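The values are calculated or read from the model by the stated rules, or taken from the named source; none is laboratory data. Being a predicted model, the structure only gives us computed values, none of them experimental. Cβ: placed from backbone, ideal geometry, glycine included. Neighbour counts: every protein chain shown. SASA here: full protein model, heavy atoms, side chains in, ligands and nucleic acids out. Shrake-Rupley method; radii C 1.70, N 1.55, O 1.52, S 1.80 Å.
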Amino acid sequence: MITANEYTFKILRYDMKQPEVRPHFSSYRIKVISGLTVLMTLLRIRDEIDGTLSFRSSCRSAVCGSCAMVINGKIDLSCRSQVASFGDSTIILEPLPNLDIIKDLVVDMTPFWNMYEKVNPYIIRKSSEPEKEIHQSEDERKRIDQNVNCILCASCYGACPVLSRDPDYMGPAALAKIERFILDSRDERPLQSLEGINNEKGVWGCDTMLRCIDACPKDVRPIDSIVGLRKTLLKYKAKKIFGMTIK
Ligand code: SF4
Ligand code: FES
């Protein structure tokens, strides 16, 4: 038999078009059957109780990255978070930190996308255009497996303590994306292009607090990339000074 338990959803409300109304919580009582996700419950609240509630979603299956938010104090995708898994009859929902609120749980992702765009997130070639696709060996593909899993949900961006004090820091996802292309056997961008992140706004700004690892729903582990990029930059510098070979 399917059972339904009653929950109170407390959702942060704010509308940037009405700045005179300060952020506040609205409460909704709703019965939820076991197995239902936070996102499915939000859709029900919006459709059945309050049509003014705003949040983002699309795939409903942890693929598109649009539904990240803070759920009972922890950043996660609402479409993969089951209401019952919190062991609490009160569920508190807040928008991603470090990004301005547009409305309710919808944040302005522009700073996140700007940082992403800065790293040229596509394969760059120096060689002439290939006539057919460039194959990768299994081992070559394995080198980028972890980074390729990123769904650009910005959970790591919201969790990053450096971004909370310095909005000019590139952030974990953008740095992990650079490493994804540096490691890609098909990419031929010069290591010189890493000079742009060889500073406190780039790889050296990270506090290595590991919050991005906790927040990432896809185990991308951006800090692994940041540490990897630091090593690559140090080797690049050694090569420039001493003529050493980069491996
Ligand atoms: S690295 Fe993880 S948390 Fe960050 S945007 Fe990609 S999937 Fe989301
Ligand atoms: S709705 Fe696509 S990741 Fe949650």
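Out of region 19-39, which residues are open to solvent by less than 60 Å² (accessible area, probe 1.4 Å), among the polar types (S, T, N, Q) and either more than 20 Å from residue 77 (Cβ to Cβ) or more than 16 Å from ligand 2 (Cβ to nearest atom) (or both)?
Of everything in region 19-39, just one residue is open to solvent by less than 60 Å² (accessible area, probe 1.4 Å), among the polar types (S, T, N, Q) and either more than 20 Å from residue 77 (Cβ to Cβ) or more than 16 Å from ligand 2 (Cβ to nearest atom) (or both), namely 26.
Given the structure, is residue 194 open to solvent by less than 20 Å² (accessible area, probe 1.4 Å) and within 16 Å of residue 112 (Cβ to Cβ)? Explain how you work it out, then say what you get.
Working: open to solvent by less than 20 Å² (accessible area, probe 1.4 Å): yes; within 16 Å of residue 112 (Cβ to Cβ): no.
So residue 194 does not fit the description; no.
Give me the pairs: first residue in region 123-137 and closer than 19 Å to residue 182 by Cα, second residue part of a loop (DSSP other than H, G, I, E, B) and of a type in the set (S, T, N, Q), beta-carbon distance under 6 Å, and six or more apart or on different chains, which are they?
From residues that are closer than 19 Å to residue 182 by Cα, the pairs are 136/185.
Where in region 49-122 are there strands (runs of 3 or more DSSP E), lying fully within it, with 3 or more residues that are in contact with a strand residue (DSSP E or B) (Cβ under 9 Å, 6 or more places away or on another chain) and open to solvent by 30 Å² or more (accessible area, probe 1.4 Å)?
Working: elements: 68-71, 74-77, 90-94, 101-103.
Because the criterion is at least 3 residues that are in contact with a strand residue (DSSP E or B) (Cβ under 9 Å, 6 or more places away or on another chain) and open to solvent by 30 Å² or more (accessible area, probe 1.4 Å), the strands (runs of 3 or more DSSP E) in region 49-122 that meet it are 90-94, 101-103.
Among the listed residues 210, 175, identify the single one that is closer than 22 Å to residue 141 by Cβ and hydrophobic (A, V, I, L, M, F, W, C). Spell out how you get there, then give the answer.
Values: 210 fails: closer than 22 Å to residue 141 by Cβ.
One residue alone meets the criteria, 175.
Residues checked against (1) among the polar types (S, T, N, Q); (2) closer than 19 Å to residue 189 by Cβ:
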| residue | (1), (2) |
| --- | --- |
| 97 | no, no |
| 102 | no, no |
| 105 | no, no |
| 109 | no, no |
| 113 | no, no |
| 120 | yes, yes |
| 124 | no, yes |
| 140 | no, yes |
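Return a yes/no flag: does region 219-239 have any residue that is open to solvent by less than 90 Å² (accessible area, probe 1.4 Å), within 16 Å of ligand 2 (Cβ to nearest atom), in contact with a strand residue (DSSP E or B) (Cβ under 8 Å, 6 or more places away or on another chain) and part of a loop (DSSP other than H, G, I, E, B). Let's see the steps before the verdict.
Step one: of region 219-239, the residues open to solvent by less than 90 Å² (accessible area, probe 1.4 Å) are 220, 222-230, 232-233, 236, 238.
Filter again for within 16 Å of ligand 2 (Cβ to nearest atom), leaving 220.
Of the ones still in play, those that are also in contact with a strand residue (DSSP E or B) (Cβ under 8 Å, 6 or more places away or on another chain) are none.
Among the residues of region 219-239, not one is open to solvent by less than 90 Å² (accessible area, probe 1.4 Å), within 16 Å of ligand 2 (Cβ to nearest atom), in contact with a strand residue (DSSP E or B) (Cβ under 8 Å, 6 or more places away or on another chain) and part of a loop (DSSP other than H, G, I, E, B), which makes the answer no.
Among the residues of region 147-170 satisfying the criterion of being polar (S, T, N, Q) and buried (at least 19 other Cβ atoms within 10 Å of the Cβ), which is farthest from the chain's Cα centre (by Cα)? Walk me through how you get there before you give the answer.
Narrowing region 147-170 to residues polar (S, T, N, Q): 147, 149, 155, 164.
Among the residues that remain, those that are also buried (at least 19 other Cβ atoms within 10 Å of the Cβ) are: 147, 155.
Working: 147: 12, 155: 4 Å.
So, considering only residues that are polar (S, T, N, Q) and buried (at least 19 other Cβ atoms within 10 Å of the Cβ), the one farthest from the chain's Cα centre (by Cα) is 147.
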